[in-house]
Amino acid sequence: MTRSFQRVTGASGFLELRKTLVLAAPITAGHLSQMIMGFVDTLMIGRVGVVPLAAAAFSNAIAHFLLIAGIGLLTGVSVFVSHAYGARRYQEAGEMLRRGLVIALAGGVLIAGLLRAAFPFLGLLGQPPEVIEACKPYLWYLALSIPFALTTLSLKNYAEAQDIPWPAFWTGLIAVLLNIFLNWVLIYGNLGMPAYGLEGAGIATLASRAFQVFLLLAWIRLDARFLRTWPRAWLAPLSLTGLWGMIRFGFPVALQLLMEVGAFAASTLLMGWLGVIEIAAHQIALTYAATTFMIPLGISLAVAIRVGQALGAGEPERVHSIGFGATGFGILASCLFATVFIGFNEELVRLFTADAETVALASVLIIIAGIFQILDATQVLSVGALRGCKDVRIPTLIIFTAYWVVGIPIGAFLAFGLAIGAPGIWIGLAAGLGSAAIGLLARFHRLSGPWAMGSPSSGARGGT
């Protein structure tokens, strides 16, 4: 145990942490920029009317749920490229990009088709008829944009896995600014264009996502740093075995993300059963928790890449320091946010609303969110390190148990069985995240210890 602590806290441990944070900074900033895009979209659509705003929220919830599955499937691009790049097998890294683009295009078309096929059944989800009708054109443009979004993600993962994250960041920022400009033109009818309202927001999203694909593709093609890994024969036959291997890796990750998103959707549903005040307070607390979560999430993506590079380079002894050093930093950062949440809980809520009942309840939920996000940071950093080890199956079982056997049942029991209400649901979520954090951290410790890292491939034992 002493040697383990020295590996993390010694000079080499701090050097590994510095490298991880340098890679994580633009990745985190990119995720924050995407949140800003969603916030601005909602703000600009909200000025059109209540029905378009409700239709936009409904459409985004449906599209985002399916998009999450595509994001999980493409995690393999980042992990497999990082392993090949660390091992200096540069052409293999390019082959991983080809496979990722095939999965992105095929998955994107499939998701778009599923969304279009769902149109006749949207009314079954209990939304007002006017919201259902208003959402269809907007949802169709969102569906058409998903193949572009997943293609961008594949290129982004390919670049970041080689320690080159800035092209994805800058092209993402340009896409955000373009989306805002096109919203202004198409939603409100500026510069001589008709006012398309909510449909205009959909067109803007499609155009900005398509533009980012071509911009990022051009940047990577012209950047000399990618010459070693750029595919030489784009039209050569793909290895079906290799393609299936990437899908087999990504599928459990997709399940992990869907289980997490599903758990939070279930918590929102439970809040709705309690009342309007409860769901409003829940949304305020969740907004703050989701925003600060972007920091450990970005670090987690960087950890997966750096762990993969270390294993690919035949340096498994570095894996423990990379994973635990980043986890310690993420916990420390979350503790600082928790201090702010607990110390200024009421002031934070009043930035959203002045309603006395909502302020009182949300102030309690934000205190729980302070503890909640420390556990959330621990679990997301641990699962990132495990993905870098190509360990996805057992973490999927841990995540399922944590959210759906521990978290949601405890939350429902506390909220309704013991009549604690909204705080009970958040305590349940915290219990689920705590269970995930303990299980995933223990799993990573088992895989990354000196007894387990005797060979370059040992980090993947028991995983896929």
From the P(r) of the stretch 76-183, could you give the percentage of C-alpha pairs in the tail past 18 Å? 61 percent
Under a 1.4 angstrom probe, counting protein chains only, how are VAL109, VAL131 ranked by accessible area, largest first? VAL109, VAL131
Can you give the log10 of the normalised intensity I(q)/I(0) at q = 0.07, 0.13 Å⁻¹, computed with Debye over equal Cα scatterers of the chain? -0.36, -1.29
Tell me which aspartates and glutamates have Cα within less than 15 Å of LYS136's Cα, excluding those fewer than 8 residues away on the same chain? GLU199
Under the rule of -39500 (n - 2.57) per DSSP H run of 4 or more residues, summed and divided by the residues of the chain, what mean residue ellipticity at 222 nm is obtained, to the nearest 500 deg cm²/dmol? -27500 deg cm²/dmol
Starting from the Cα of LYS19, draw a straight line to each of the lysines and keep only those under 24 Å, dropping any in the same chain fewer than 8 residues away. LYS156, LYS390
Contact order relative to length of the chain, as percent, for alpha carbon pairs under 8 angstrom and 6 or more apart: 20 percent
GLU357: accessible area at probe 1.4 Å, nearest 10 Å²? 130 Å²
Relative to the compact globular guide of 2.2 N^0.38 Å, what is the alpha carbon radius of gyration of the stretch 268-394, as a ratio? 1.29
Rounded, prolate or oblate (a/c below 1.5 giving rounded, otherwise prolate when a/b exceeds b/c) for the stretch 131-272 by Cα gyration tensor: oblate
Starting at the first residue of the stretch 289-300, write each ³J(HN,Hα) from the Karplus equation 6.51 cos²θ - 1.76 cosθ + 1.60 with θ = phi - 60°, in whole Hz, x for Gly and Pro. 4, 5, 5, 5, 5, 4, 6, x, 5, x, 5, 4
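Enter the accessible area per residue of the stretch 91-154 (Å², integer; probe 1.4 Å; all protein chains in place).
42 Å²
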Please report the Cα spread of the stretch 301-352 along all three principal axes, rounded to whole Å, starting with the longest. 52, 18, 6
Given a 1.4 angstrom probe, I'd like the percentage of the accessible area of the chain that is carbon and sulfur, rounded to a whole number. 73 percent
For the stretch 343-355, just list the computed ³J(HN,Hα) in residue order, Karplus coefficients 6.51, -1.76 and 1.60, θ = phi - 60°, integers in Hz, with x standing in for Gly and Pro. x, 10, 4, 5, 5, 5, 5, 5, 5, 9, 8, 10, 5
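If you average the sequence gap of Cα pairs under 8 Å that are 6 or more apart and divide by the length of the stretch 272-339, what percent do you get for the contact order?
Details: 21 pairs, mean separation 19.8, N = 68.
Reported relative contact order: 29 percent.
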The stretch 298-370 and the stretch 41-56 have their Cα centres apart by a whole-number Å value of 30 Å
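Can you give the longest run of the chain that contains no chymotrypsin sites (Phe, Trp or Tyr not before Pro) sitting in a DSSP loop with at most 15 other Cβ atoms inside 10 Å?
After excluding every exposed loop site, the longest remaining stretch is 1-233.
The values are calculated or read from the model by the stated rules, or taken from the named source; none is laboratory data. Worth saying up front: this structure is predicted, and the values here are computed from it rather than measured. A quick note on method: Cβ atoms are made from the backbone with ideal geometry, for glycine too, and the neighbour counts reach across all protein chains shown. These area figures cover heavy atoms from the full protein model, side chains too; ligands, DNA and RNA do not enter into them. Shrake-Rupley method; radii C 1.70, N 1.55, O 1.52, S 1.80 Å.
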